[in-house]
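The values are calculated or read from the model by the stated rules, or taken from the named source; none is laboratory data. Not measured: the values here are computed from a predicted model. Cβ sites come from the backbone with ideal geometry, for glycine too, and all protein chains shown count toward neighbours. For the accessible areas, the whole protein counts, side chains as well, though only heavy atoms, and no ligand, DNA or RNA atoms are used. Shrake-Rupley method; radii C 1.70, N 1.55, O 1.52, S 1.80 Å.
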Amino acid sequence: MNNNNFGLTRSPSAILFGDGQRHALGRVTAHVGQRALICTDERLSISPLLEEMLQDLTRNGVAYRVFDGTQPELPSDGIETCVQEHRAFNPDVVIGLGGGSCLDMAKLVALSLSHGGSLEHYYGELKVPGPVLPVIAIPTTAGTGSEVTPVAVMADKKRDLKVGISSPYLIPHIALCDPELTVTCPPGLTALSGADALTHAIEAFTAVANPADPLLSQSRVFVGKNLLSDQHALTAIKAIFEYLPRAVENGADREARSQMMFGSLQAGLAFGVAGTAAAHAIQYPVGALTHTAHGLGVAALLPYVMRFNAETHLHAYVAIARAIGITTASPEQAVDELIHQTRQLLNRIGIPRTLADLGVQKSQLDWIAEQSLLSARLINNNPRRLELGDLQLLTRRAFHGHL
Ligand SMILES: NC(=O)c1ccc[n+]([C@@H]2O[C@H](COP(=O)([O-])OP(=O)(O)OC[C@H]3O[C@@H](n4cnc5c(N)ncnc54)[C@H](O)[C@@H]3O)[C@@H](O)[C@H]2O)c1
């Protein structure tokens, strides 16, 4: 239970959800601007889907330019290239079309075009000085939730680490969520992006609940677990537990695709205010060492983080267990069953079981623990206090597969 009744939701001014909603793009954009810069990637640039959307923009009197050079995990030099190539076009709206990398690209391009300077100035929380160009976010994976979140993540080429920029100004103006856009996701991508969404939802629901403070929402981007984020998180967890295996095993299953996009959207609404915690803190150095996708890393770590946190903070995990229909009598047994079912789900969809499976070497574990501790925001958002020794223990368990 939360120790107070504080609740916070931050979201786009409109969320359009459902099969075929992409066809609203022209109308929606025309209400926001007349010159649209579309940030996407090579895969979509040759797809008839993009051609359809461009025609729709033209029919609605919107001029556009397309940047199709977005790379997965978003290396920073690609953002600079996009800004340089399209500054002269002077867009008044930026459309992100693709996976989380394209959506984050659109947010950071909008930031750069609005406020200038190096993106380094904005790393961290609440450094964005004011509103940015309106962003319309159209996800084609069901995972990151970036279409509703206040954060954009990029790979800083100079530091060889992923970095985040978090500000309510980065929440897209409009999220246009059309589950039909995800039917082309192959099983591996469906699995890792869906597992990313599950991790968002579980970490948001089990994050710290901060003491009552009327200024919390004004002084922090991520405020911890709260009355409203809990509802979004539980809704997400239920949908993802039920539908992720179906979406992975049969990509043409429309109901599963729809429920997964719904689940990832709900997870985004949850963690966009509550924040994430230990699994995300540890994934950053793991990703830097192994160059594995964000979703694979956080999901591989998730069961170990759940076990570690549940040792001292059982109640939130019991609530999740009950929500997904685990009726086992004792709270301890319910949580054991929840962790077991989470492990089974992740195994079934092919998520690596250990840090060793992700390519981490034993000699790298202490470095990973030290680097994780530097993500103070995520570490402080973890329900169980984390010192260096705890992170060393957690990474060792995750390396050896000790649940
Ligand atoms: N801003 C946020 O709130 C947030 C949250 C979590 C993760 N992230 C970031 O998002 C990025 C990961 O995003 P992602 O997991 O969506 O993957 P992605 O955007 O990196 O895309 C991965 C690959 O999938 C392909 N792809 C995308 N949609 C497809 C489709 N419908 N069919 C076939 N292929 C498709 C892309 O072309 C690309 O090659 C990382 O950089 C991560 O750090 C951001």
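I need the strands (runs of 3 or more DSSP E) fully contained in the range 1-102, keeping only those with at least 2 residues that are under 24 Å from THR149 (Cβ atoms), in contact with a Lys or Arg (Cβ under 7 Å, 6 or more places away or on another chain) and open to solvent by 30 Å² or more (accessible area, probe 1.4 Å). Give the derivation first.
Numbers: elements: 14-17, 35-39, 63-67, 93-98.
By residue number, no strands (runs of 3 or more DSSP E) qualify.
Report, ordered by the first and then the second residue, all pairs with beta carbons closer than 9 Å, sequence separation of six or more or different chains, a first member in the range 156-171 that is within 11 Å of the ligand (Cβ to nearest atom), and a second member that is of a type in the set (D, E, K, R) and in a strand (DSSP E or B).
Hits for this filter: LYS162/ASP156; VAL163/ASP156; GLY164/GLU125; ILE165/GLU125; SER166/GLU125.
Taking ALA299 as the residue in question, decide whether it is assigned to a helix (DSSP H, G or I), open to solvent by 10 Å² or more (accessible area, probe 1.4 Å) and in contact with an Asp or Glu (Cβ under 8 Å, 6 or more places away or on another chain). Explain how you work it out, then say what you get.
Working: assigned to a helix (DSSP H, G or I): yes; open to solvent by 10 Å² or more (accessible area, probe 1.4 Å): no; in contact with an Asp or Glu (Cβ under 8 Å, 6 or more places away or on another chain): yes.
Judged against the criteria, ALA299 is not a match.
Given the options THR199, THR206, name the one that is of a type in the set (Val, Ile, Thr), within 14 Å of the ligand (Cβ to nearest atom) and either surrounded by 15 or more Cβ atoms within 10 Å (Cβ to Cβ) or touching a residue at least 40 places away in the same chain (Cβ under 8 Å) (or both). Before the answer, list the steps.
Numbers: THR206 fails: within 14 Å of the ligand (Cβ to nearest atom).
None of the other options fit; the residue is THR199.
I'd like the residue in the range 172-189 that is within 10 Å of the ligand (Cβ to nearest atom) and among the hydrophobic types (A, V, I, L, M, F, W, C) and, out of all such residues, is most open to solvent (accessible area, probe 1.4 Å).
Applying the filter and picking the extreme gives LEU189.
May I ask you to say which residue of LEU215, LEU228, LEU234, LEU192 is hydrophobic (A, V, I, L, M, F, W, C), open to solvent by 10 Å² or more (accessible area, probe 1.4 Å) and within 14 Å of the chain's Cα centre (by Cα)?
LEU192
Applying the selection to the range 256-272, what residues are of a type in the set (A, V, I, L, M) and within 12 Å of the ligand (Cβ to nearest atom)?
Applying the first criterion (of a type in the set (A, V, I, L, M)) to the range 256-272 yields 256, 260-261, 265, 267, 269-270.
Answer for the range 256-272, where residues must be of a type in the set (A, V, I, L, M) and within 12 Å of the ligand (Cβ to nearest atom): MET260, MET261, LEU265, ALA267, LEU269, ALA270.
Pull up the range 350-390, narrow it to residues that are β-branched (Val, Ile, Thr) and buried (at least 20 other Cβ atoms within 10 Å of the Cβ), then point me to the one that is farthest from GLY275 (Cα to Cα).
Quick first cut of the range 350-390, residues β-branched (Val, Ile, Thr) only: 351, 354, 360, 368, 379.
When the remaining residues are screened for being buried (at least 20 other Cβ atoms within 10 Å of the Cβ), the result is 351, 360, 368, 379.
Details: ILE351: 23, VAL360: 26, ILE368: 21, ILE379: 11 Å.
By that ranking, first place goes to VAL360.
Applying the selection to the range 54-81, what residues are within 15 Å of the ligand (Cβ to nearest atom) and not hydroxyl-bearing (Ser, Thr, Tyr)?
Going through the range 54-81, the residues within 15 Å of the ligand (Cβ to nearest atom) turn out to be 66-79.
Of everything in the range 54-81, those that are within 15 Å of the ligand (Cβ to nearest atom) and not hydroxyl-bearing (Ser, Thr, Tyr) turn out to be VAL66, PHE67, ASP68, GLY69, GLN71, PRO72, GLU73, LEU74, PRO75, ASP77, GLY78, ILE79.
So for the range 263-272 (the condition being over 29 Å from PRO129 (Cα atoms), part of a helix (DSSP H, G or I) and open to solvent by less than 10 Å² (accessible area, probe 1.4 Å)), does at least one residue qualify? Walk me through how you get there before you give the answer.
As a first pass, look at the range 263-272 and keep what is over 29 Å from PRO129 (Cα atoms): 263.
Still in the list and also part of a helix (DSSP H, G or I): 263.
When the remaining residues are screened for being open to solvent by less than 10 Å² (accessible area, probe 1.4 Å), the result is 263.
Checked the range 263-272: at least one residue is over 29 Å from PRO129 (Cα atoms), part of a helix (DSSP H, G or I) and open to solvent by less than 10 Å² (accessible area, probe 1.4 Å).
Testing HIS121 on (1) more than 15 Å from the chain's Cα centre (by Cα); (2) near the ligand (Cβ under 10 Å from one of its atoms), one condition comes back false. Which one is that?
(2)
Which is within 15 Å of the ligand (Cβ to nearest atom) and touching a His at 6+ places or on another chain (Cβ under 7 Å), of VAL298, VAL248, VAL286?
On the way: VAL248 fails: touching a His at 6+ places or on another chain (Cβ under 7 Å); VAL286 fails: touching a His at 6+ places or on another chain (Cβ under 7 Å).
Step by step, each of VAL298, VAL248, VAL286 is checked, and only VAL298 is within 15 Å of the ligand (Cβ to nearest atom) and touching a His at 6+ places or on another chain (Cβ under 7 Å).
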